[in-house]
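A.B. asks: One structure, as structure tokens, below. Some questions next.
The values are calculated or read from the model by the stated rules, or taken from the named source; none is laboratory data. Small disclaimer: the values here were computed from a predicted structure and weren't measured. Because the Cβ atoms are built from the backbone with ideal geometry, glycine has one as well, and the counts that use them run over all protein chains shown.
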Amino acid sequence: MMIKRTLGQKGQVVLPKDVRDYVGIKPGSEVVFEVRGREIVIKPQKSGREFVEDFCNVPKLKGRLSARDMKKLFEGELVERHDIR
């Protein structure tokens, strides 16, 4: 899906409703901006649990991490992202 939008004077752009609905972004949702070379990727912020689950499903890691290792990764992600100590 590609949709063209014009950048406003303050650098703002409205994400089209079809795009927001497709990726599950609602008012109040946090998004992440990722710069890849000369491209900008906007995506919904993942929870700490989603991040760790995706990370643990990387083919090279799948089956190599114990539940204890995954728990440590999850807790570390929460500490780093939310400054929980």
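A.B. asks: Out of region 15-45, which residues are surrounded by 10 or more Cβ atoms within 10 Å (Cβ to Cβ), part of a loop (DSSP other than H, G, I, E, B) and either free of Cβ contacts under 8 Å to residues at least 24 places away in the same chain or polar (S, T, N, Q) (or both)?
C.D. replies: Within region 15-45, Pro16, Ile25, Ser29, Gln45 meet the criteria.
A.B. asks: Identify the single condition in (1) at pLDDT 90 or above; (2) assigned to a loop (DSSP other than H, G, I, E, B); (3) not hydrophobic (A, V, I, L, M, F, W, C) that Gly63 does not satisfy, given that it satisfies every other one.
C.D. replies: (1)
A.B. asks: Turning to a different aspect of this structure: Just to be sure I understand, how many residues within region 9-35 are basic (Lys, Arg) and either modelled with pLDDT under 90 or farther than 16 Å from Gln45 by Cβ (or both)?
C.D. replies: To start, the set of residues in region 9-35 that are basic (Lys, Arg) comprises 10, 17, 20, 26.
Restricting the remaining residues to those that are either modelled with pLDDT under 90 or farther than 16 Å from Gln45 by Cβ (or both) gives 10, 17.
Of the residues in that region, 2 qualify.
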